[in-house]
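Please read the structure below before turning to the comments.
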């Protein structure tokens, strides 16, 4: 039987207690007022049955302390290791007059006891999450320094970067893997992690409103296509704009580290409408091409022409089918049709600017010939385009779960396009599998 989010989190905590000493620092109660564990008790695996059957209040991380917990020195050390071992991040830091300021800001972050516990849980049970968080903090600080933010704002950025994804600890880790194909209900769980991270900070009662808001908004985009609120432009705030693009950049670097396939340049250029152009410009350092000798050593995964043609054809079907369906019908502001229309037009423009004629897939690959590097880059462009189409479908489902109940002409267009896209994406997944 699949564990609930609360059970999954409690199991992770108990597994941590089998690695490091974890002690209750206050009595642990259920939300119904039942005392579950006394203060001063050393936890072990036998406590899962007792705790896993209940919702706990206050949250469990506020009731526990762990020995050998994460501290500022460890975070700074991890940051130094990342900058020494990750070429894109090293190039980024090299653009600063003094990299020591990055470590100084990380050293200045205040760690409340619950945050120490959560960071330690990430270190022991989800190490990739902790590494990602440090990367986001570093990229955010770099951007903040380039913008000339104050020391206080830089410390708030570092804090938000380190803590922004800790809400993921309350969700099954398998949902965040590259191989995951979450159901709509599971996607809803993923969408809640910014709010969960925000609550964790609020419960500590020591973090600034600017930090808390940035954490809540780290998946918002300036064009209104993000979540959870669909904020636009200045509604996001400066720190959230920085954290949003830093999150995306760090995620692409994480994937590049896994398979060596460059993604950063395509991701930034295909999402210009989502991020502040000044910030996008500063991050070009992350995809600067390495020296020729290094480039020749990079392994390029071969891509077949039929595979590329199929990708381009799917992109064409998605873009043209919407255009044919909607025709001259009026789209209402802040409606599913307006959302799809805006995103489809932006994607169509991005593919044109990338030199891809979706109406003639053969001409695209004929111009490239058998250049493996160019074919690999085309594959990345196609994958980013298809990812954005998938994102449109998922976001419509999240924002307008009852979109199918709209029986107006434009409502039927939305339902028809969504049904066709879901079929297309399912076929794409099955072919890949």
Discussion item. With only alpha-carbon pairs counted, each pair once and no self-pairs, how large is the Kirkwood hydrodynamic radius of the stretch 76-154 in angstroms?
Written reply: 13.3
Worksheet item: Which whole-number percent is the relative contact order of the stretch 305-432 (Cα, under 8 Å, 6+ apart)?
Response: 36
Worksheet item: Expressed as a rounded percentage, what relative contact order does the stretch 55-209 have, with Cα pairs under 8 Å and six or more residues apart?
Response: 23
Item to complete: Could you give the C-alpha radius of gyration of the stretch 5-66 expressed as a fraction of 2.2 N^0.38 Å, taking N as the number of residues it contains?
Response: 0.97
Practice prompt. Can you tell me the 0 to 90 degree angle between the C-alpha axis of helix 151-163 and the longest principal axis of the chain, rounded to 10?
Written response: 90
Worksheet entry | Volume of the Cα convex hull of the stretch 72-289, divided per residue and given in Å³ | 119
Response to the item:
Note on the chain: the mean projected area of its alpha-carbon convex hull, in nm², is 22.8
Worksheet, complete the sentence: So for R0 = 30 Å, FRET eff. of residue 67-residue 5 from the Cβ-Cβ r, to 0.05, ends up at 0.70
Worksheet entry | Rounded tilt (10° steps) of 72-85 against the dominant C-alpha axis of the chain | 30
Practice prompt. Mind giving me the nanometre distance, one decimal, between the label points for residue 44 and residue 31, set 7 Å out from Cα along Cα→Cβ?
Written response: 3.1
Worksheet entry | Equivalent-ellipsoid semi-axes of the stretch 305-432, from the Cα gyration tensor, Å, largest first | 29, 15, 12
Worksheet item: Among 319-329, 390-400, 194-204, what's the highest-first ranking by average C-beta atoms within 10 angstrom per residue?
Response: 194-204, 390-400, 319-329
Worksheet entry | Taking N as its residue count, the alpha carbon Rg of the stretch 108-157 over 2.2 N^0.38 Å | 1.29
Discussion item. Can you tell me how the stretch 180-316 classifies by the Cα gyration tensor, rounded, prolate or oblate, using a/c under 1.5 as the rounded cut?
Written reply: prolate
Worksheet item: So what is the relative contact order for the chain, in percent, with contacts set as C-alpha pairs under 8 Å and at least six apart?
Response: 11
Practice prompt. Compute the acute angle (0 to 90°) between the alpha-carbon long axis of helix 305-326 and the principal axis of greatest extent of the alpha-carbon atoms of the chain; round to the nearest 10°.
Written response: 90
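Throughout, read-outs are computed from the coordinates displayed, never taken from laboratory work. Model, not experiment: these values are computed from the prediction. Ideal geometry is used to build each Cβ from the backbone, glycine not excepted, and the neighbour counts take in all protein chains shown.
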